[in-house]
Amino acid sequence: MERGQRECSIVAALVGAPNSGKTTLFNRLTGSSEFVANWPGATVDIKTAYLRADGSTLCIVDLPGTYSISGSGPEEEVTRSFLLENSPDVIVAIADATTLERSLFLPLELLEAFDNVVVVLTKADMLGEKGLRIDVEGLEKELGAPVVLVSALEGQGVDGLVEALRRPRRRSDDGRLLEKVLGDLKPYVDRLAGLLAEEGVEPGRARWLAVKLLEGYDWVPRYLEELLGPAGARRVVEEAERLRGELAARGLDPSLEFIKRRYEYASRLYERYVERVEGDDGGGGLSRLDLVFLNPLTGPLASLGFMLLVFLATYVIATGWPLDVLLERLGFEKAAEAVAEYSLSGLVAAAMDRLAGWVEGVIPHPVLARLIGEGVLSSEYGLGLVLTFVPLLAVLMALIAALEDSGLLPRIAAGVDRFFRRFGVSGKAIFPAMVSLGCNVPGVISTRVMDSVQEKRAVAFAIPLVPCSARLAVLLALAHVFFRSPLESALAVFTVYLISIASFLATLKLVTRIEGSEASEIVLELPPLKRPSLRVVWWFVWDKLRHFLVRAGTVIVAASIVLWLLANYGPAGYLGDVDGGASQSYAAAVGRLLAPYVEHLLGVDYDRAWRIGFGLLGGFIAKEVFLDSIAVVSPLDSATGEAEYATLAAYALEPWQALALMAAVTLYIPCMATLATIYSETRSARLALAALTYDLALATIVALAIRAFAAAM
């Protein structure tokens, strides 16, 4: 990123595994004042922020969480490409001080490859609880690189880290660290590194590439071909294969032996430089919660139960749903109204509607007044719609952050991991799936808990198939009007939910199979349980809310204005309060274009078909708007409707037609806010359009299948 590189005195790249404290350290260093940028050579967005210290401007780059820089996974590729192609001034290799034996693997790998590494041991504030003491000076001398012990939460060691970043020093150990790690394998590395050096590769980089060639990673030959040309790369690769053959003849598997030696060296470092305080067991072993969540019988039940509590807490606090529905069913209508009205989202919606009304009264031009008031500020459109999502997202993100920081989140995911792995993703998919039952927008945003980009994209693609609470309102209304008994209505709604959940799972399987991605491992990486930090929760919530408001919010506002114009203008111009104006709008014209599609889908006549098509367009704004839209253009004028749902009943649908419509409304194109959020979270317009097309095709197939089944009966 040219602008960032011109302004930076020092570029420091943070590299660490998930749950290592990398993001917390990034926020502590920068105050979370990041800008997101595509650096040259990077294929995804990378968080970057400025840090000004004593006249120097440091650019802190937060690379994707990864356990290694050698593999071919998306996080590994992005991290490796950035380090190789952008050559940051200093690489911050992060290791969790509380699990040092395991987390030293990545710093050792970085030290093999680069001579400008600073090793940072995070979570220093938890060492006392674990009964651990680390000899930082001894470890620094052993590794030949700066080692800094920090607590990002409490600020311990951060000033020393900033000083190390401001004055990066290069290490020159002539391969001594590699010899300590690899032992009798080093001669093989030296022979191949010598050949690389003859081709002009810098000695330190040559040694690292030699190791990767001997380990057998498939990206290395491609990288060498770009670096050395086809002839030079072929010569080196052929020699690497010969040496791999020699190792195999010794009974050693080159693909595993180097990794094994690295872990063995990390264990020796742990034994030598980490002291366990006498009389403290360090909290090792499995806790009672682990025994529950990791048990194949109790784990799924505990995980689903816990997520149900999170789900209910989120929506009750933010929207009042489903508590308001329950109170209404019990006959406490006033209490139900109060819960909905005085919920966080209800208060925001009321405030925005009040502001919209005031603006409409202040602006003298009637069209401009309605455009700004109704099309931008009201809770049904634009900015008002975006802001009504904020309480829901804030509560949800706070709960997820607390679960993640406490260590409970991966345990919950582990409980349902076996089930979700059948569909190509890890158990963490339970979070966006459960959340989406309330609203797909926070469901898409919560795909950030997934450990790989491929899994995140697959889950985000499938999330719109999970029926949200807005679609539930539509389903209940249609079922109530067009089915003869409460039992039939309940069965119809249950059938549509069953179809939707099955479609969600099948889509996950389809997408992951097409992309060839595999579910990431989570069970083996359970972090220690601890009390969540309010500071970490705040950083997490603010980061997610800010990105939603900036990225998805701008798209939603723009789309809302366009849709408002379509609904309020027609060939005759501005419709205003003209009787039957909705039927004369451009939106109604689009509905008429959709009429042949709806006729074929539901077997209704043209007059009903275009009105339902108009409703489908309204449902793109928000699913619940579907009911309002078809009521506005109902065959029975809304003013003459005496009975409840009279305008809806005027469509006179057969039960099978109603069921087909219920399935279509549930599965067809995501609402505007969900589609915008898919784009903002994945930064892929192609994926968002693919989701739109796929969902519409799936809705069509399911509705036609229901029609065919009804005809066969």
Practice problem: Please tell me if Leu182 is under 16 Å from Arg262 (Cβ atoms) and modelled with pLDDT of 90 or more. | Solution: no
Exercise. Restricting attention to the stretch 231-251, report how many residues are among the aliphatic types (A, V, I, L, M) and either buried (at least 17 other Cβ atoms within 10 Å of the Cβ) or closer than 13 Å to Leu192 by Cβ (or both).
Key: 6
Quiz item: Taking the stated definitions as given, is Leu696 under 30 Å from Ser452 (Cβ atoms), in contact with a Phe, Trp or Tyr (Cβ under 6 Å, 6 or more places away or on another chain), surrounded by fewer than 22 Cβ atoms within 10 Å (Cβ to Cβ) and not small (Gly, Ala, Ser)?
Solution: yes
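Yes/no per residue for (1) closer than 25 Å to Cys671 by Cβ; (2) not in a loop (DSSP other than H, G, I, E, B):
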position	(1), (2)
Ile445	yes, yes
Ala462	yes, yes
Ala473	yes, yes
His480	yes, yes
Arg484	no, no
Leu487	no, yes
Val496	yes, yes
Lys509	yes, yes
Practice problem: Considering only the stretch 196-222, state which residues are closer than 22 Å to Gly245 by Cβ and not hydrophobic (A, V, I, L, M, F, W, C). | Solution: Glu198, Glu199, Arg207, Lys212, Glu215, Gly216, Tyr217, Asp218, Pro221, Arg222
Quiz item: Which one of these is farther than 23 Å from Gly21 by Cα and within 37 Å of the chain's Cα centre (by Cα): Arg176, Arg170?
Solution: Arg170
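Here's the yes/no breakdown for (1) closer than 26 Å to Ser343 by Cβ; (2) in contact with a Ser or Thr (Cβ under 6 Å, 6 or more places away or on another chain); (3) assigned by TED's automatic domain parsing to the domain that holds Asp324:
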{"site": "Met397", "(1), (2), (3)": "yes, no, yes"}
{"site": "Phe431", "(1), (2), (3)": "yes, yes, no"}
{"site": "Leu437", "(1), (2), (3)": "yes, no, no"}
{"site": "Val441", "(1), (2), (3)": "yes, yes, no"}
{"site": "Arg448", "(1), (2), (3)": "yes, no, no"}
{"site": "Ala460", "(1), (2), (3)": "no, yes, no"}
{"site": "Leu465", "(1), (2), (3)": "no, yes, no"}
{"site": "Ser469", "(1), (2), (3)": "yes, no, no"}
Practice problem: Among what's in the stretch 192-206 and is buried (at least 16 other Cβ atoms within 10 Å of the Cβ) and of a type in the set (D, E, K, R), pick the residue that is farthest from the chain's Cα centre (by Cα). | Solution: Glu199
Self-check item: Enumeration of residues in the stretch 66-95 that are at pLDDT 90 or above and of a type in the set (Asp, Glu)
Solution: Asp89
Quiz item: Take the residues of the stretch 207-230 that are assigned to a helix (DSSP H, G or I) and touching a residue at least 60 places away in the same chain (Cβ under 8 Å): which is surrounded by the fewest Cβ atoms within 10 Å (Cβ to Cβ)?
Solution: Trp219
Quiz item: Regarding Leu593, is this residue among the hydrophobic types (A, V, I, L, M, F, W, C) and either in a loop (DSSP other than H, G, I, E, B) or surrounded by fewer than 19 Cβ atoms within 10 Å (Cβ to Cβ) (or both)?
Solution: yes
Exercise. Answer yes if at least one residue in the stretch 632-652 is in a loop (DSSP other than H, G, I, E, B), touching a residue at least 12 places away in the same chain (Cβ under 8 Å), touching a helix residue (DSSP H, G or I) at 6+ places or on another chain (Cβ under 6 Å) and among the polar types (S, T, N, Q), and no otherwise.
Key: yes
Quiz item: When residues of the stretch 421-452 are filtered for being surrounded by fewer than 22 Cβ atoms within 10 Å (Cβ to Cβ) and of a type in the set (Phe, Trp, Tyr), how many remain?
Solution: 1
Practice problem: Can you confirm whether the stretch 362-373 contains a residue that is at pLDDT 85 or above, over 30 Å from Asn568 (Cα atoms) and either among the aromatic types (Phe, Trp, Tyr) or in a helix (DSSP H, G or I) (or both)? | Solution: no
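Table: residues versus (1) over 34 Å from the mean Cα position of the chain (by Cα); (2) surrounded by fewer than 14 Cβ atoms within 10 Å (Cβ to Cβ); (3) over 30 Å from Val562 (Cα atoms).
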| residue | (1), (2), (3) |
| --- | --- |
| Val277 | yes, yes, yes |
| Glu333 | yes, yes, yes |
| Glu341 | no, yes, no |
| Ala351 | no, no, no |
| Gly357 | yes, no, no |
| Glu360 | yes, no, no |
| Pro364 | yes, yes, no |
Exercise. Search the stretch 453-486 for residues being buried (at least 24 other Cβ atoms within 10 Å of the Cβ) and among the aromatic types (Phe, Trp, Tyr), and hand back the single one that is nearest to Leu661 (Cα to Cα).
Key: Phe482
Quiz prompt | Boolean, Asp607 is under 20 Å from Cys439 (Cβ atoms) and surrounded by fewer than 23 Cβ atoms within 10 Å (Cβ to Cβ) | solution = no
Exercise. Consider Gly160 carefully, then state whether it is in contact with a strand residue (DSSP E or B) (Cβ under 6 Å, 6 or more places away or on another chain) and surrounded by fewer than 17 Cβ atoms within 10 Å (Cβ to Cβ).
Key: yes
Quiz item: If you scan the stretch 95-150, which residues turn out to be touching a residue at least 60 places away in the same chain (Cβ under 8 Å), touching a strand residue (DSSP E or B) at 6+ places or on another chain (Cβ under 8 Å) and in a loop (DSSP other than H, G, I, E, B)?
Solution: Leu104, Phe114, Lys123, Gly131, Asp135, Val150
Quiz item: How many residues does the stretch 121-146 hold that are under 32 Å from the mean Cα position of the chain (by Cα) and of a type in the set (Val, Ile, Thr)?
Solution: 1
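The values are calculated or read from the model by the stated rules, or taken from the named source; none is laboratory data. Every value quoted in this text rests on a predicted model; they were computed, and no experiment measured them. Neighbour counts are summed over all protein chains in view; Cβ atoms, including those assigned to glycine, are modelled from backbone coordinates with ideal geometry.
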